[in-house]
Amino acid sequence: MVSSHELTSLKHETQQSIYLYINGEFISAAGGATFANMNPFTNEQINLVSEGQKTDIDKAVSAARDAFEHGPWKTMKLSKRLSYIYRIADLIDEEVESIAYLEALDTGLPISQTRKMVNRASENFRFYARMVESRLVGDVYQVDDEFVNYTIHAPVGVAGLITPWNAPFMLETWKIAPALATGNTVVLKPAELSPLTANILAEIIHKADLPKGVFNVVHGRGEIAGDALVKHPDVQLISFTGETTTGSTIIKNSADTLKSCSMELGGKSPIIVFEDADFERALDACVWGIFSFNGERCTANSRLFVQESIKDKFINALKARVSNIKVGDPLDDRTEVGPLIDQGHYNKVKGYIDIAKEEGTEIISGKIPTEFSKGNFVPPTLILNAHNDMQVAKDEIFGPVLIVMSFKDEEEVISLANNTDYGLAGYVWTNDIKRGHRVAHKIDAGMLWVNAQNVRDLRTPFGGTKYSGIGREGGHYSFDFYTEHKIIHVSIADHHIQQIGKL
Ligand code: NAD
């Protein structure tokens, strides 16, 4: 827990402007512009943030390129490079409470949840240090007695990383850890709505004494700073997490400079509860899966399909949970759902609830204590009597809103679950083991859980199908993206060489 003394000093610190981190220095944006960073709980300004433009991106990419080409990072002994990665993890662990506090302040996520995200962030660094040590290995191909061919992994160059506001610190580290551990240099463009913890990471990396230029942060608008990063000819890859429409724009804009892009995009994931499921566990998982992270979760189970025979009982239980969920101050340990990230997003989510009313559904909402009227609060909401073809069942709402639908049998629910543009995740609850596997195989999504909430071992691949993304990160799958596979063909005998033009 943060002590009251630490809290006062953190409050003081957060009121300071925050800067860009380029080539080992915290500096203002070249043009001197700033933007206001708002508190989702009070809608008051937290602080000002330096607003990077194309010039600042050029500067950061040039520092990262120089560090890649001429610095020691990619050529140093692996044990030394990984010792930096372990050091970053240790320094994050020392700051868990203050990072969790700043993340909750900046995003409105409940502090009990941001604390877990920060723990996961340090684990991302440790995990990738271990993975590079043990799994960044090549293959050998013996070709008769004539050749030995082998593959090596080479770092790609400057990695452009663009991240969203919904779990900022954790998602940033999820990209930075494999990018750095494999020897790349990085320019991070964090979401403009949640800039605070990216600078704590820059401070930590500064303290860990990484060579200058290896890691850089440029704050700024997506359409300006993000766009300049995407179009920069000296950036080799873009790892992006965010909305599907932004992902599509980025792919188009990166085409002229032929970048490889990894896309982690939106979702509208189904949770399917069969009549034979463990009722209480399915209920716990369903409620957590949609209302944790304020519902601003890419893998949220936002479409519930419950089998008709247990529908009424399940809905009654959901109503009871929703009315009990503690909505409140994100900095209060007891809070389960906090305010949404900003007023724009609040209006969007509220707008969807209005659309659902117009579409003839029944709306059940939890309670928001009256003293919290200044924050961007949307109460936990159930949309009952909905159909899969309604707009609220099709679009990603990205808030604490569960669309509740029912089904007759397995065949019907597979068809309903797959009738969506998205394909990020899916959850199946049944005590029939064969059916659990069968249905999971048939749901068109990148990640399925059977009788489980969203628990993810870091070794497993993460990513979606259809409009939910392109490519997989996580585990050794990240190596396919953050490294080039190079093949070295070595002749070990005098193989035949055709002769032309010889007299
Ligand atoms: P967003 O697409 O609005 O913004 C994400 C980032 O992209 C921000 O840093 C933004 O500044 C930048 N950006 C915006 N326009 C850009 C452009 N033209 N060029 C370059 N960069 C640009 O997303 P958001 O609202 O911050 O995040 C919410 C979305 O993220 C949801 O759709 C959610 O499902 C998705 N998400 C997906 C995953 C996943 O792993 N699949 C994880 C978390 C969030």
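The values are calculated or read from the model by the stated rules, or taken from the named source; none is laboratory data. What you see is a predicted model; the values in this text were computed from it and never measured. Every residue, glycine as well, gets a Cβ built from its backbone with ideal geometry; the counts of neighbours run over all protein chains shown.
Please go through segment 449-488 and give me each residue that is small (Gly, Ala, Ser), over 16 Å from residue 299 (Cβ atoms) and touching a Lys or Arg at 6+ places or on another chain (Cβ under 7 Å), ordered by number.
Result: 475, single match.
Of everything in segment 205-226, what is aliphatic (A, V, I, L, M), assigned to a loop (DSSP other than H, G, I, E, B) and more than 14 Å from the ligand (Cβ to nearest atom)? Give them in sequence order.
Across segment 205-226, the qualifying residues are 208, 210, 214.
Applying the selection to segment 233-244, what residues are touching a residue at least 40 places away in the same chain (Cβ under 8 Å) and either of a type in the set (Lys, Arg) or away from the ligand (no atom under 11 Å from the Cβ) (or both)?
Within segment 233-244, 234, 235, 236, 237 qualify.
Table: residues versus (1) away from the ligand (no atom under 14 Å from the Cβ); (2) among the aliphatic types (A, V, I, L, M); (3) at negative phi.
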position	(1), (2), (3)
125	yes, no, yes
133	yes, no, yes
136	yes, yes, yes
160	no, no, yes
165	no, no, yes
182	yes, no, yes
203	yes, no, yes
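Output yes when any residue across segment 452-471 is hydrophobic (A, V, I, L, M, F, W, C), surrounded by fewer than 17 Cβ atoms within 10 Å (Cβ to Cβ), outside the structural domain of residue 354 (by TED's automatic domain parsing) and free of Cβ contacts under 8 Å to residues at least 60 places away in the same chain, and no when none is.
yes
Looking at segment 79-97, which of its residues are touching a Leu at 6+ places or on another chain (Cβ under 6 Å) and under 28 Å from residue 288 (Cα atoms)?
Within segment 79-97, no residue meets the criteria.
Taking the options 267, 247, name whichever one is within 30 Å of residue 410 (Cβ to Cβ), within 16 Å of the ligand (Cβ to nearest atom) and under 16 Å from the mean Cα position of the chain (by Cα).
Residue meeting the stated conditions: 267.
Going by what's in this entry, would residue 298 be described as crowded, with 23+ Cβ neighbours inside 10 Å, of a type outside the set (Gly, Ala, Ser) and assigned to a loop (DSSP other than H, G, I, E, B)?
Yes; evaluated as a whole, the condition is true for this residue.
Taking the condition within 27 Å of residue 108 (Cβ to Cβ), buried (at least 22 other Cβ atoms within 10 Å of the Cβ) and out of contact with any Lys or Arg (no Cβ under 7 Å at 6 or more places or on another chain), does residue 225 pass?
So residue 225 fails the test.
Quick check on segment 188-202. Is at least one of its residues farther than 29 Å from residue 41 by Cα, touching a Phe, Trp or Tyr at 6+ places or on another chain (Cβ under 6 Å), aliphatic (A, V, I, L, M) and not in a helix (DSSP H, G or I)?
No - not one qualifying residue is present in segment 188-202.
Residue 255 passes all but one of (1) within 27 Å of residue 31 (Cβ to Cβ); (2) more than 10 Å from the ligand (Cβ to nearest atom); which number fails?
(1)
Only one of (1) among the hydrophobic types (A, V, I, L, M, F, W, C); (2) part of a loop (DSSP other than H, G, I, E, B); (3) not assigned by TED's automatic domain parsing to the domain that holds residue 398 fails for residue 445. Which number is that?
Every listed condition holds for residue 445 apart from (3).
Quick one: would you say residue 106 is touching a residue at least 12 places away in the same chain (Cβ under 8 Å), more than 19 Å from residue 172 (Cβ to Cβ) and not in a strand (DSSP E or B)?
no
Let me confirm something: among 312, 329, which residue is in contact with a helix residue (DSSP H, G or I) (Cβ under 9 Å, 6 or more places away or on another chain), among the acidic types (Asp, Glu) and at pLDDT 95 or above?
Checking each option against the conditions leaves just 329.
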